[in-house]
Amino acid sequence: MTDEIDGAPRYRVVVNDEGQHSVWPVERDVPAGWHPVGEPASKQDCLSWIGLMWTDITPLSVRRRLDRESA
C-alpha cells in the first residue's frame, strides 16, 4: 500500500503486551505478540504519535512489579 498523496510507504504503529511500541510496514503481517493501533500513516507521523503516547519505556511487567513492591 502506498500513500495516496506522495507515493511514500505506509506504516502502522504496533504495540506488544509489554506496552512497547514499534513502526511496522502495512504490507507486512503484524508479528505474533503485537497488535496494530490507529490508522496507517507515514513513518514520521507514526514516530510522532509514538513520541506522544509512549512516555514511559519501562516494560509493563516491570512497572507492575514496582507498583506491587511500593504498595
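The values are calculated or read from the model by the stated rules, or taken from the named source; none is laboratory data. Here the structure is a predicted model, which is why all the values come from computation and not from measurement. Here the Cβ positions follow ideal geometry from the backbone for every residue, glycine too, while neighbour counts run over all protein chains shown. What goes into the accessible areas is simple: the full protein's heavy atoms, side chains included, and nothing from ligands, DNA or RNA. Shrake-Rupley method; radii C 1.70, N 1.55, O 1.52, S 1.80 Å.
Some points to look at:
- Test result for Gly51, exposed (fewer than 14 other Cβ atoms within 10 Å of the Cβ), on the phi > 0 side of the Ramachandran plot and free of Cβ contacts under 8 Å to residues at least 12 places away in the same chain: no
- Pairing each residue of region 16-41 that is over 14 Å from Leu60 (Cβ atoms) with any residue that is among the hydroxyl-bearing types (Ser, Thr, Tyr) and open to solvent by less than 80 Å² (accessible area, probe 1.4 Å), provided the two are 6+ apart or on different chains, yields C-beta distances under 7 Å for Val23/Tyr11; Trp24/Tyr11; Pro25/Tyr11; Val26/Tyr11; Pro40/Tyr11; Ala41/Tyr11.
- Some residue of region 34-41 being out of contact with any strand residue (DSSP E or B) (no Cβ under 8 Å at 6 or more places or on another chain) and either surrounded by fewer than 16 Cβ atoms within 10 Å (Cβ to Cβ) or aliphatic (A, V, I, L, M) (or both): no
- Test for Arg65: is it basic (Lys, Arg), open to solvent by 50 Å² or more (accessible area, probe 1.4 Å) and part of a helix (DSSP H, G or I): yes
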